[in-house]
Amino acid sequence: MSWVHIYKKSIHSSRAEVLDSAVFKILPVDTHQNNSSKDLIDRLRWVTLGYHHNWDTKVYSESMRTEFPPNLSRLSKAVATATGHDKFEAQAAIVNFYHMHSSLSGHTDHSEIHMEEPIISFSFGQSAIFLLGGSTKAVPPVPIILRSGDVAVMAGASRSAYHAVPRILPTDNCHVADLYHDCTAADEAFGKYIASARININVRQVLPPGQKFMSSGDGSATT
Ligand SMILES: O=C(O)CCC(=O)C(=O)O
Ligand SMILES: [Fe+2]
């Protein structure tokens, strides 16, 4: 496993583009409430990019694919190359939106057809306790704090290890101002959002090296 903590100030500029051509998951809306945009933003839990992982079957398919955001692709490739994975191609990402009481239970990420390349994970906003375990849930996990601007590279054994996010930790040191340049209304709204939220973007390669599309026999991942 390798972990790198770098580039706090240089990883915000693709924010608008990242949210283009994405699949969103918003928690069910209570029809008795009025669904203001703030209400909907608060219910947003994840977005997928590139190959859109089917949340129920955990399978990717060619029919559920949109262009991967070029800026995020370049950034992920630069991080992968800097950590010794220069063949890495960004083809899918999950953007997780955590609130102060959110958590993510223990799981492995194994839907990708090609598992030899790392997962590149970017964290913004509030901090998280990240637990990194082993190949079974019996392996006691190691706790790691992921802060805003941290980049984690899950490679080697950690690529297929169990991991979880049991707690979001409040921080007043999340460099909110670094996450945007111009003080537009949208930036101000983002500043308010991120003051009590964590965003994690984790980027994956799905296909084997050189393969550009999924063929019909691909994508039979099991949970
Ligand atoms: O939020 C994180 O740091 C981890 C997210 C994760 O493990 C996932 O989306 O599969
Ligand atoms: Fe994961």
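The values are calculated or read from the model by the stated rules, or taken from the named source; none is laboratory data. In this text the structure is predicted, and so the values were computed from the model without any measurement. Cβ atoms come from the backbone with ideal geometry, glycine included; neighbour counts cover every protein chain shown. Calculation scope for accessible area: heavy atoms of the full protein, side chains included, ligands and nucleic acids excluded. Shrake-Rupley method; radii C 1.70, N 1.55, O 1.52, S 1.80 Å.
A quick yes/no check of all residues on (1) within 16 Å of ligand 2 (Cβ to nearest atom); (2) at pLDDT below 95; (3) within 17 Å of LEU207 (Cβ to Cβ):
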position	(1), (2), (3)
SER76	yes, no, yes
LYS87	no, no, yes
ALA93	yes, no, yes
THR108	yes, no, no
Next item on the list: Test VAL95 against the criterion of being open to solvent by less than 10 Å² (accessible area, probe 1.4 Å) and in contact with a Ser or Thr (Cβ under 6 Å, 6 or more places away or on another chain), and give yes or no.
Entry: no
Item checked: Residue, farthest from the chain's Cα centre (by Cα), within the range 95-104, restricted to residues that are more than 10 Å from ligand 2 (Cβ to nearest atom) and part of a strand (DSSP E or B) -> HIS99
Margin query: Suppose we keep only residues that are among the small types (Gly, Ala, Ser) and under 21 Å from ASN54 (Cβ atoms) within the range 98-114. Which one would you say is surrounded by the most Cβ atoms within 10 Å (Cβ to Cβ)?
Written below: SER111
Notebook entry, point to check: If you check GLU117 against the conditions, is it touching a residue at least 40 places away in the same chain (Cβ under 8 Å), open to solvent by 60 Å² or more (accessible area, probe 1.4 Å), assigned to a loop (DSSP other than H, G, I, E, B) and not aromatic (Phe, Trp, Tyr)?
Noted result: no
Margin query: If a residue must be without any contact (Cβ under 8 Å) to a residue 12 or more places away in the chain and either touching a Cys at 6+ places or on another chain (Cβ under 7 Å) or of a type in the set (A, V, I, L, M) (or both), how many such residues does the range 76-95 contain?
Written below: 1
